[in-house]
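Below you'll find the structure, written out as structure tokens, and then a few comments.
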Amino acid sequence: MRSVTILGATGSIGQNTIDLIARSPGDYRVEALTGARNIARLAADAIGLGARLAVTSEPALYNDLKDLLSGSEVKAAAGPEAVAEAAARPADWVMSAIVGAAGLVPGIEVLRRGGTLALANKETLVTAGQLVMDLARRTGATVLPVDSEHSAIFQALTGEDLDAVERIVITASGGAFRDWPLERLAGATLAEASTHPNWDMGQRITIDSASMFNKGLELIETKEFFGISPDRIEVIIHPESLIHALVGFRDGALMAHVGPPDMRHAIGYALHWPERRDLPVERLDLARIGTLTFRAPEAARYPALAIARTVMEAGGLHGAAFNAAKECALDAFIAGRIGFLAMAGVVERTLDRMSAQDGLQNAAVDLDTVLETDLLARHRAAEVVTQFAAGDAVESGKGLRS
Ligand code: NAD
Ligand code: MG
């Protein structure tokens with residue numbers, strides 16, 4: 001029986017992971033589940049799966065969680081440190097499905113003890129890729145990609161020599177606004193940005209798909225995980241979301257990974273790796289699908305891509321600053337403080353300021369420096385958001401790199 005821990009168990013990836021585990025109760029023992037505000041879900045799943053520990057990242061919810069767990073064997077804990085401690089407890093397999101940079105420290109705890117980390121939290125690699133991969137090599141830990149594109153690349157590379165890779169192509173649905181007239185983007189509402197044409201995901205990644213910040217994060221994730229140089233990584237819009245990524249080899253062959261848009265495939269692949277087992281995902285009927293289409297991403301529609309490419313090329317602390325600025329810009333959009341296009345404006349201006357005032361290193365760094373950079377970028381981004389909200393950046397969509 002394998003022991004498993006799920007960080008971010010109450011979210012979209014966490015719930016899909018629980019779905020797979022709950023289908024074969026005899027195969028798994030659940031060590032810990034963690035969540036944030038949805039303690040009702042957390043407690044119900046922890047009791048249902050017989051977990052040893054349930055942790056909310058919100059200290060103020062400790063007593064409520066304890067009440068919900070009363071009468072069961074499940075222990076309660078609360079706070080970010082308790083989430084990290086849950087990750088540090090021995091378990092054979094840990095799913096990292098927290099959203100945002102909050103996933104970094106718990107993931108590092110798993111790597112420190114040489115564990116197996118199924119990584120949905122792309123922010124771990126965006127903020128501290130080199131550090132994280134070096135740490136895994138030192139401790140003998142295993143990192144398995146769960147982002148659908150990266151799982152697809154990982155699968156296409158099985159048995160291949162990385163030196164034979166000429167390019168990697170990650171696909172993007174194009175998000176909610178791929179067919180909107182450009183003039184409408186500045187006025188896009190939260191509800192409009194929170195719908196995805198193909199995937200059912202958490203709200204933050206859904207909005208990041210509409211802006212393409214998600215694909216920007218994934219460019220960096222690709223570079224960091226596979227150690228591929230930035231000029232060999234491409235993004236293509238593929239509205240059907242059936243091909244998740246392609247790997248091009250030196251002989252001209254392109255290996256594509258094709259499957260339905262269901263995260264249980266990538267989660268299940270990481271859960272059973274290196275074996276393949278039956279998974280409850282739809283089998284594609286290619287004759288019914290008929291056509292797969294592709295188009296180049298437009299720079300004016302998706303300014304986030306050019307920003308991410310600059311960050312990817314710069315390396316070092318730029319990823320941590322980029323991600324933190326993006327999280328703040330997204331918070332401000334969700335709160336109704338800035339418009340949809342202003343998110344890219346906020347991120348770009350924050351990075352410009354930090355390069356000019358704070359100096360962002362391009363070199364490999366330690367965890368403390370990454371966390372300091374994350375904090376500083378949040379402060380800087382908050383100032384920039386205030387300016388944008390006050391209308392200083394008159395037309396928030398203008399002045400971008402594209
Ligand atoms: P979600 O918002 O649905 O769930 C996030 C989880 O993190 C929840 O359990 C929440 O309680 C927890 N959480 C939130 N803030 C926290 C904090 N400060 N500290 C600790 N826990 C916190 O998100 P999601 O869509 O499941 O995405 C999770 C991660 O997986 C993200 O990094 C996302 O980019 C990545 N990802 C998601 C999908 C998808 O299909 N949803 C696909 C690929 C990658
Ligand atoms: Mg993805």
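The values are calculated or read from the model by the stated rules, or taken from the named source; none is laboratory data. As the structure is a computational prediction, the values presented were derived from the model and not from experiment. Cβ sites come from the backbone with ideal geometry, for glycine too, and all protein chains shown count toward neighbours. These accessible areas exclude ligands, DNA and RNA; they are computed on the full protein's heavy atoms, side chains included. Shrake-Rupley method; radii C 1.70, N 1.55, O 1.52, S 1.80 Å.
Would you point out which residue out of THR127, THR189, THR171 is more than 12 Å from ligand 1 (Cβ to nearest atom), farther than 16 Å from ALA266 by Cα and polar (S, T, N, Q)? Walk me through it before giving the result.
Details: THR127 fails: more than 12 Å from ligand 1 (Cβ to nearest atom); THR171 fails: farther than 16 Å from ALA266 by Cα.
Within the list THR127, THR189, THR171, the selection yields THR189.
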Residues in the range 104-124 that are within 20 Å of ARG29 (Cβ to Cβ) and either within 16 Å of ligand 1 (Cβ to nearest atom) or crowded, with 24+ Cβ neighbours inside 10 Å (or both): how many?
6
Among residues of the range 208-265, those that are of a type in the set (Lys, Arg), closer than 21 Å to PRO297 by Cβ and away from ligand 1 (no atom under 13 Å from the Cβ), counted
2
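Give the residue, chosen from ALA101, ALA76, ALA88, that is among the aliphatic types (A, V, I, L, M), closer than 11 Å to THR34 by Cα, open to solvent by 10 Å² or more (accessible area, probe 1.4 Å) and not assigned by TED's automatic domain parsing to the domain that holds GLY268.
On the way: ALA101 fails: closer than 11 Å to THR34 by Cα; ALA88 fails: closer than 11 Å to THR34 by Cα.
Going through ALA101, ALA76, ALA88 in turn, the sole match is ALA76.
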Among the listed residues GLY248, GLY216, which satisfies the condition of being closer than 15 Å to SER148 by Cα, modelled with pLDDT of 95 or more, open to solvent by less than 40 Å² (accessible area, probe 1.4 Å) and small (Gly, Ala, Ser)?
GLY216
What pairs can you find where one residue is in the range 102-116 and of a type in the set (Val, Ile, Thr), the other is within 14 Å of ligand 1 (Cβ to nearest atom), and their Cβ atoms are less than 6 Å apart, with a gap of 6+ or different chains?
VAL105/ALA84; VAL110/ALA87; VAL110/VAL94; VAL110/LEU117
If the Cβ limit is 8 Å and pairs must be 6+ apart or interchain, which residue in the range 248-277 that is at negative phi and not assigned by TED's automatic domain parsing to the domain that holds GLU234 pairs with which residue that is open to solvent by 80 Å² or more (accessible area, probe 1.4 Å) and of a type in the set (A, V, I, L, M, F, W, C)?
none
Buried (at least 24 other Cβ atoms within 10 Å of the Cβ), within 13 Å of ligand 2 (Cβ to nearest atom) and more than 13 Å from the chain's Cα centre (by Cα): is that true of ALA152 in this structure?
yes
Within the range 198-233, work out how many residues are touching a Lys or Arg at 6+ places or on another chain (Cβ under 6 Å) and not aliphatic (A, V, I, L, M).
4
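Given the condition more than 19 Å from the chain's Cα centre (by Cα) and within 21 Å of GLY100 (Cα to Cα), answer yes or no: does some residue in the range 194-206 qualify? Explain how you work it out, then say what you get.
Taking the range 194-206 first, the residues more than 19 Å from the chain's Cα centre (by Cα) are none.
No, the conditions are met nowhere in the range 194-206.
Would you confirm, using the coordinates I've provided, whether ILE47 is open to solvent by 10 Å² or more (accessible area, probe 1.4 Å) and modelled with pLDDT of 95 or more?
Working: open to solvent by 10 Å² or more (accessible area, probe 1.4 Å): yes; modelled with pLDDT of 95 or more: yes.
For ILE47, the condition - open to solvent by 10 Å² or more (accessible area, probe 1.4 Å) and modelled with pLDDT of 95 or more - is met.
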Which members of the range 207-244 meet the condition of being small (Gly, Ala, Ser), on the phi < 0 side of the Ramachandran plot and within 13 Å of ligand 2 (Cβ to nearest atom)?
SER209, GLY216
ASP64 - would you say it is within 16 Å of ligand 1 (Cβ to nearest atom), part of a helix (DSSP H, G or I), closer than 12 Å to ILE6 by Cα and of a type in the set (D, E, K, R)?
no
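Name every residue in the range 22-44 that is surrounded by fewer than 24 Cβ atoms within 10 Å (Cβ to Cβ), out of contact with any Pro (no Cβ under 8 Å at 6 or more places or on another chain) and part of a helix (DSSP H, G or I), in order of residue number.
Restricting attention to the range 22-44, the residues satisfying the condition of being surrounded by fewer than 24 Cβ atoms within 10 Å (Cβ to Cβ) are 22-29, 31, 36-38, 40-41, 44.
Filter once more, keeping what is out of contact with any Pro (no Cβ under 8 Å at 6 or more places or on another chain): 22, 24-29, 36-38, 40-41, 44.
Across the range 22-44, the qualifying residues are ALA22, PRO25, GLY26, ASP27, ALA40, ARG41, ALA44.
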Any chance the range 58-70 includes a residue that's within 23 Å of VAL143 (Cα to Cα), away from ligand 2 (no atom under 16 Å from the Cβ) and free of Cβ contacts under 8 Å to residues at least 60 places away in the same chain?
no
